[in-house]
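These notes are about the structure you will find just below.
The values are calculated or read from the model by the stated rules, or taken from the named source; none is laboratory data. All values derive from a computational prediction rather than experimental measurement. Note that we place each Cβ from the backbone using ideal geometry, even for glycine, and neighbour counts take in every protein chain shown.
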Amino acid sequence: MLGWDVKDQLYDNAQYTGWHSGYPDAPVRILPHTCREIPFENGMLLFLAEFDQQAEAVCPRGTLRRVIQRCQDMGFEPFAALEYEFFMFDETPESARAKGFRDLKPFTPDWFGYSMIRNSVHAELYHQILEMGEAMDFPIEGLHTETGPGVLEAAIAYDHAEAAADKGALFKTFMKVLAQRNGLMATFMAKWSGKYPGQSGHIHVSLRDRKTDKSAFYDPSQAHNMSKLQRHFLAGQQRLMPEFLCMVAPTLNSYRRLIPGFWAPTDATWGVENRTAALRVIPGSDKSQRQEYRLGAADGNPFLALSVAIGSGLYGVMQEWEPTDPVSGNAYAVKHPEELALPRTLWDAAQRLKGSQAGREMFGDAFVEHFAASREWEEREYRRHVSDWELDRYFEII
């Protein structure tokens, strides 16, 4: 599992496992506290597990756990909440493939963001989704239509960071299961069609002091209620965003989403209640002061996305960095310093991670080397492919 890609093709550039090692078994550690019942399988129990021993170094959940441990060692408890947008189709795995994933029929037509009509007409499915979330311990605080035909957004209730990542992974998996059990399909691709906005996977993050249980981000005496620690945390997220991008945007398709004007960031910017920025500070109270990592997309691995959102912030605290001035208004219309520009391709993003000293400090050399190599493989596989766009553009005229 650690030596092949999403299409079961074996990596030829990974050091952890491969032909050179004979693909040995990797031990896993079952996590009893993650036990859940699968509601539509007669109470079948489900447990999550982590890779153990040497494999732990490249395990996404293990990577997040190490970041959380560092956070706790610094005196803070990280909390998080994940939001996912996903498109639903009136298709099956067979029909979608028969159509070549083209001209798919959306679950609902037209642009009906936040529509009470769609919610009410399809109330039975909405209730199934909400009830599944309750039964499997990933309660959904909000479920509504978003911008585009057949697109929904689910906001999962906040929790300790490790549990929040577990809930994100379970939601993505079982949302697809539930859709197919209803004769539908759900996709969490970052951008399944050039006609519509991309699909986000925004991350809300906050820290609480482990001794006092007070918010480490909240200081009502400061602008926007931002404590000094929150400023350092924000600065770490901002400065390291270009270096850690491929952990949050892990596919070729991820970079189709990161274009101006479609509610996705193109530079490592921040603003106060500004949804055009990559980082949105949300002023609040001791219980609600937080920031939103808006770079995240629906295609991200929740364990790695949270590792980045928390780990980069902690690094900023360790270095006592300060963020740039906040962006007011349209962040896309402002020219930003070159060092805030995000890599434009998966290959470039993988090179930034490989060369990141901060990444190696926070996630470990073994993880950085393995994950960057897997992203390089993904880019190389893409380059072997001849697209419909190329055929249409060049076949006759060249």
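Of note:
Here is a yes/no grid of residues against (1) at pLDDT below 95; (2) surrounded by 14 or more Cβ atoms within 10 Å (Cβ to Cβ); (3) touching a Leu at 6+ places or on another chain (Cβ under 9 Å):
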| residue | (1), (2), (3) |
| --- | --- |
| 65 | no, yes, no |
| 73 | no, no, no |
| 77 | no, yes, yes |
| 88 | no, yes, yes |
| 96 | no, yes, yes |
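Residue-by-condition table, conditions (1) within 18 Å of the chain's Cα centre (by Cα); (2) at pLDDT below 95; (3) small (Gly, Ala, Ser):
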site: 125; (1), (2), (3): no, no, no
site: 150; (1), (2), (3): no, no, yes
site: 157; (1), (2), (3): yes, no, yes
site: 162; (1), (2), (3): yes, no, no
site: 169; (1), (2), (3): yes, no, yes
site: 187; (1), (2), (3): yes, no, no
site: 190; (1), (2), (3): yes, no, yes
site: 197; (1), (2), (3): yes, yes, no
site: 207; (1), (2), (3): no, no, no
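- Where a residue in region 376-391 is within 17 Å of residue 344 (Cα to Cα) and among the acidic types (Asp, Glu) and its partner, wherever it lies, is at pLDDT below 95 and surrounded by 10 or more Cβ atoms within 10 Å (Cβ to Cβ), with Cβ under 7 Å and at least six apart: 376/13; 378/5
This table checks each residue for (1) among the charged types (D, E, K, R); (2) within 27 Å of residue 170 (Cβ to Cβ); (3) touching a Lys or Arg at 6+ places or on another chain (Cβ under 8 Å).
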{"site": "236", "(1), (2), (3)": "no, no, no"}
{"site": "263", "(1), (2), (3)": "no, yes, yes"}
{"site": "266", "(1), (2), (3)": "no, no, no"}
{"site": "276", "(1), (2), (3)": "no, no, no"}
{"site": "279", "(1), (2), (3)": "no, yes, yes"}
{"site": "295", "(1), (2), (3)": "no, yes, no"}
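- Within region 99-118, the presence of at least one residue that is of a type outside the set (D, E, K, R), surrounded by 16 or more Cβ atoms within 10 Å (Cβ to Cβ) and modelled with pLDDT under 95 is confirmed.
- Flag if residue 312 is over 28 Å from residue 187 (Cα atoms), polar (S, T, N, Q) and in a helix (DSSP H, G or I): yes
- Whichever residue in region 54-80 is outside any helix (DSSP H, G or I) and over 19 Å from residue 247 (Cβ atoms) and, among such residues, is nearest to the chain's Cα centre (by Cα): 79
- Near pairs, Cβ below 6 angstrom, 6+ apart or cross-chain, from region 322-341 (closer than 11 Å to residue 239 by Cβ) to any residue that is assigned to a helix (DSSP H, G or I) and polar (S, T, N, Q): 323/238
- Test result for residue 148, under 24 Å from residue 301 (Cα atoms) and assigned to a helix (DSSP H, G or I): no
- Candidate set from region 278-322 (those that are of a type in the set (Ser, Thr, Tyr) and either over 17 Å from residue 202 (Cβ atoms) or out of contact with any Phe, Trp or Tyr (no Cβ under 9 Å at 6 or more places or on another chain) (or both)); member that is surrounded by the most Cβ atoms within 10 Å (Cβ to Cβ): 293
- Residue within region 33-44 that is surrounded by 21 or more Cβ atoms within 10 Å (Cβ to Cβ) and free of Cβ contacts under 8 Å to residues at least 60 places away in the same chain present: no
- Single residue of region 351-371 satisfying the filter (among the small types (Gly, Ala, Ser) and surrounded by fewer than 24 Cβ atoms within 10 Å (Cβ to Cβ)) that is nearest to residue 242 (Cα to Cα): 356
- Considering region 323-334, the residues that are surrounded by fewer than 21 Cβ atoms within 10 Å (Cβ to Cβ) and assigned to a loop (DSSP other than H, G, I, E, B) include one that is modelled with the lowest pLDDT, namely 334.
- Residue within region 372-395 that is under 22 Å from the mean Cα position of the chain (by Cα) and not in a helix (DSSP H, G or I) present: no
- Region 205-225: number of residues that are touching a residue at least 40 places away in the same chain (Cβ under 8 Å) and surrounded by fewer than 22 Cβ atoms within 10 Å (Cβ to Cβ): 7
- Note on region 227-277: among residues that are part of a helix (DSSP H, G or I) and among the polar types (S, T, N, Q), the one that is surrounded by the most Cβ atoms within 10 Å (Cβ to Cβ) is 237.
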